[in-house]
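Chemist: Take this structure, written in structure tokens, and hold onto it; I'll ask about it next.
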């Protein structure tokens, strides 16, 4: 009898522990979803975008300025450093949720990791360790610029479709802010979020001209500025906005086609530039792997070090010249 009671008590205890663990996991998931879920992150990104415009009026400046750090002492310190607002604008344009303080801390951590790995683990000179640390410290900035370029390119490809949607909405009788809202709901990111931000700013009391100006600051594209200028001129002087936006959409599509043709025609030159740039390093590594004694004087003998130094300098200028040749502005 006693063993039966103890067995039932143990079974009940196991069930209660299981239920408690399940409820704990569910509460953690619900809390994470409320703060870090897709909807929460989308709402946070839209609020950050609303607070990132360069509005210098005294009524909205404090409310609309993005925080460089979540810690007040760090925020006050970063506010005194130059050009950090430009870095913050690049982070915003890249679509990342990072802050300036996190980027700077990542750079410091990468520099320390690279320096320690080369100086303490590989036992190389401090100058080489410092150079490797500096290269690793620039990786967050390179990644931010890469994400920014990709996001702006995608925005530019989406712009003609967005203009066509706004044109159809205007022809159907909708107001221009309602057409922007429809574009924000129907299209995909990143253009949907930017147009939704413009619509939200207008609903919050910002004038349409100021909201479009904020849009052109957040997305520095020439085609988008044409759109903003066309809308502002039409509001001041009148005219057929649907026809203007239709012509602008056609012009942007033709320009994108021309850009594609130019990239195809210049692909051979770009491939040749990559081959000429990487081949010396590939051949040097291959020869050092096959015959290390033959290549060792290049970094052990002073004359070999001078040869490598001048060669790298000449290769650097050669890369600049090749980049100038194959980079066609359109």
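The values are calculated or read from the model by the stated rules, or taken from the named source; none is laboratory data. Keep in mind the model is a prediction, meaning the values are calculated, not measured. All Cβ positions, even for glycine, are placed from backbone atoms using ideal geometry, and neighbour counts span all protein chains on display.
Chemist: Is it fair to say residue 255 is at pLDDT 85 or above, closer than 30 Å to residue 222 by Cβ and surrounded by 11 or more Cβ atoms within 10 Å (Cβ to Cβ)?
Modeler: Considered against the rule, which asks whether it is at pLDDT 85 or above, closer than 30 Å to residue 222 by Cβ and surrounded by 11 or more Cβ atoms within 10 Å (Cβ to Cβ), residue 255 comes out as yes.
Chemist: If you don't mind, another one. Out of (1) farther than 20 Å from residue 218 by Cα; (2) at pLDDT 90 or above; (3) buried (at least 20 other Cβ atoms within 10 Å of the Cβ), what's the single condition that is false for residue 133?
Modeler: Evaluating residue 133 over (1) farther than 20 Å from residue 218 by Cα; (2) at pLDDT 90 or above; (3) buried (at least 20 other Cβ atoms within 10 Å of the Cβ) leaves (2) as the failure.
Chemist: Could you look through region 164-192, keep only residues that are touching a residue at least 24 places away in the same chain (Cβ under 8 Å) and under 16 Å from residue 203 (Cα atoms), and pick out the one that is surrounded by the most Cβ atoms within 10 Å (Cβ to Cβ)?
Modeler: 176
Chemist: If you don't mind, another one. Which number in (1) part of a helix (DSSP H, G or I); (2) modelled with pLDDT of 85 or more; (3) surrounded by fewer than 13 Cβ atoms within 10 Å (Cβ to Cβ) marks the one condition that residue 264 misses?
Modeler: Here residue 264 meets the rest and fails (2).
Chemist: I want to confirm something. Restricting to region 218-242 and keeping residues that are closer than 20 Å to residue 156 by Cα and out of contact with any helix residue (DSSP H, G or I) (no Cβ under 8 Å at 6 or more places or on another chain), which single residue is modelled with the highest pLDDT?
Modeler: Per the stated criteria, the residue is 229.
Chemist: Do any residues in region 207-223 that are within 13 Å of residue 190 (Cβ to Cβ) have Cβ atoms under 8 Å from those of residues that are part of a loop (DSSP other than H, G, I, E, B), where the two are at least six apart or on different chains, and which pairs are they?
Modeler: Once the first residue is within 13 Å of residue 190 (Cβ to Cβ) and sits in region 207-223, its partners that are part of a loop (DSSP other than H, G, I, E, B) give 218/52; 218/53.
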